[in-house]
Every structure is written in structure tokens, then in C-alpha cells.
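Structure first, commentary second.
Read the figures in this text as sums done on the coordinates, not as results from a lab. Bear in mind that the values here come from a model prediction, so they are computed numbers and not experimental data. Cβ coordinates were reconstructed from backbone atoms using ideal geometry, including for glycine residues, and neighbour counts include every protein chain displayed.
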Amino acid sequence: MQFSKIVAFVAITWIAAYSNAGAMSSAGAGPMIPEFKAGMAASDAKDFETAEAHLKAAVEKLPTHTSSWSLLGFVSRKLGKVDEAFKYYEKALSLDKEFRPALNYLGHLYLETGQAAKAKEMLDRLDSACFFGCSEYDDLKAAVAAGKSGKY
């Protein structure tokens, strides 16, 4: 009898979590605000300077938008602004300590800056955050095993 209650609780929790998915960004951490959407498009096009401007506007407009902070860290890293990237990833993780994109990106940044032990810490945190496994964990695991940052 107790097992069926647990299954019902998990099912209800899952349905509640994903019923609002349409209002979430593609990264899953907040509403899809126009500044984030523009920043994401510019980042996808590898126009990191334009992406940076849009994402800075996004975090000014909505300072609790985890996806914007995380992507701003990624863009800063791609622009060679390592100190800023660290700051933005940490901000994203202060808003959501299990935010998978930030954990993955920060792990890659640690690898790029020669801090393999800290990259492994991010991998361990991803392992906890990815209950049934996730692409962020798989990606960082491969990068840690190779000893260098991969596609991110």
C-alpha cells in the first residue's frame, strides 16, 4: 500500500512540474523573456558579443532568470572573459544549485583553466542533479575523462 502512494506522489509531482513547461524557457529555468530568446539566438549563431548584450539586458530585467545567468557565463567564456564567466555561473547556481546547464558549463570552464578536481566536483553535483541521467552529465563526464573541455 505504501509503495502505491509513493508512485502516485511521483506521478502527480511529475505532471505538475511539466504542465507548466510551455511557460518555461528551453533551458527550463524561467519564462521565455525576449532578451533571453534574442541572446540564445545570437549565441547559437556564435555572435557572442551580441548575445552578451541581450543577456545582460535579460538579467537586468529579470535578475532571477537562471537560464540567462548561465548562458551569460557561457557567452563570457567564449569571449575569453573567464573571471566574468565564473561570476555568472556562480550567480546561476546561487539561484538553483542543481541547474544542470550551469553545472556543466562551469565544469568545462574548470577544465579549461586547469582545475580538473573542481570539474570533477561539478560532475559529482550533476550526478546528483540528474536523477535518471542527463546529457549534461554525459557531456561533462566525457570531457573529464578526456582531461579537456569538449563541445561546450
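Quick look at the numbers
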quantity: Cleavage-rule hits, trypsin sites (Lys or Arg not before Pro), segment 34-106, DSSP coil, Cβ neighbours within 10 Å at most 14; calculated: Lys46, Lys97
quantity: Rg and Dmax of segment 34-93, Cα atoms only, in Å; calculated: 9.9, 26
quantity: Reachable lysines, given that their alpha-carbon falls under 28 Å from the alpha-carbon of Lys78 and they are not under 8 places away in the same chain; calculated: Lys37, Lys46, Lys56, Lys61, Lys87, Lys91, Lys97, Lys118, Lys120, Lys141, Lys148, Lys151
quantity: Cα-derived Rg over Rh, computed across segment 27-136 with Rh taken as Kirkwood radius; calculated: 0.96
quantity: Ratio Rg/Rh, restricted to segment 97-152 and using Cα atoms, in which Rh is the Kirkwood radius; calculated: 0.92
